[in-house]
Amino acid sequence: MQKRILIVEDEPAIRDMVAYALRKGEFEPVTAGDGREAQAAIAERVPDLILLDWMLPGSSGLELARRWRRESLTRDVPIIMLTARGEENDRVGGLEAGVDDYVVKPFSARELLARIRAVMRRSREDDEDGSVQVGALRIDGAAHRVFAEAGGEPVPVAIGPTEYRLLHFFMTHPERVYSRSQLLDHVWGGSVYVEERTVDVHIRRLRKTLEPHALDAMVQTVRGTGYRFSAAA
């Protein structure tokens, strides 16, 4: 079955160009011009990936990304931001909103398809990961869910897809220090260009995710080197 990709873009020319490229790449494109149309498309069938324009009428792409990361229906759907805003602060803002990757306009169809396949490949690898437990944290690989033990009872942890991959890598490689470049290679993949600053953004998001369960100290900063995950927080 073809993977369904939702294109949320208000400029018809760009929307049609992206849809054409997706069909050539053997994907099934679904289009929306704003947040309202996007919500209707998601209600009809949850897409396998969302291409989301930064600047939209009504709710911005950032607002939509934040909303979809909070909702259980779309929490695990990969999101790639389409944006003309190439400045570092803007890219960091998108990553902090839960976006998995971004493509700066103007972009080629070849680059876009490569980004889509890379993000989907990482998501598929997540699905094949097994279960693991470190201290009070447990990952159910089959269900793709994270739990924190509290008083002997498992409490679900709401977590984004990139933070899930990062946490899974940490939990399967505890007590070892990894540099930012090593984490990029292991979590994002060596074939994908992502700046090292991206790691810091997702480390902050992961700690924020674990903080309500008093487990954020398990993700430790090793000054001048990188990061370590330890049950001995």
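The values are calculated or read from the model by the stated rules, or taken from the named source; none is laboratory data. Note that the structure is a prediction, hence the values are computed from the model and not measured. For neighbour counting, all protein chains shown are included, and Cβ atoms are generated from backbone atoms with ideal geometry for every residue, glycine included.
Worth pointing out:
- Candidates D140, D185, D200: the one that is surrounded by fewer than 19 Cβ atoms within 10 Å (Cβ to Cβ), closer than 27 Å to I79 by Cα and at pLDDT 90 or above is D200.
- Filter pass, V46 being crowded, with 22+ Cβ neighbours inside 10 Å and at negative phi: no
- The set of residues in the range 142-172 that are outside any helix (DSSP H, G or I) and either out of contact with any helix residue (DSSP H, G or I) (no Cβ under 8 Å at 6 or more places or on another chain) or at positive phi (or both) comprises A142, A143, H144, R145, F147, E149, G151, G152, E153, P154, P156.
- Residue in the range 158-165 that is closer than 26 Å to V103 by Cβ, surrounded by 13 or more Cβ atoms within 10 Å (Cβ to Cβ) and in contact with a Pro (Cβ under 7 Å, 6 or more places away or on another chain) present: yes
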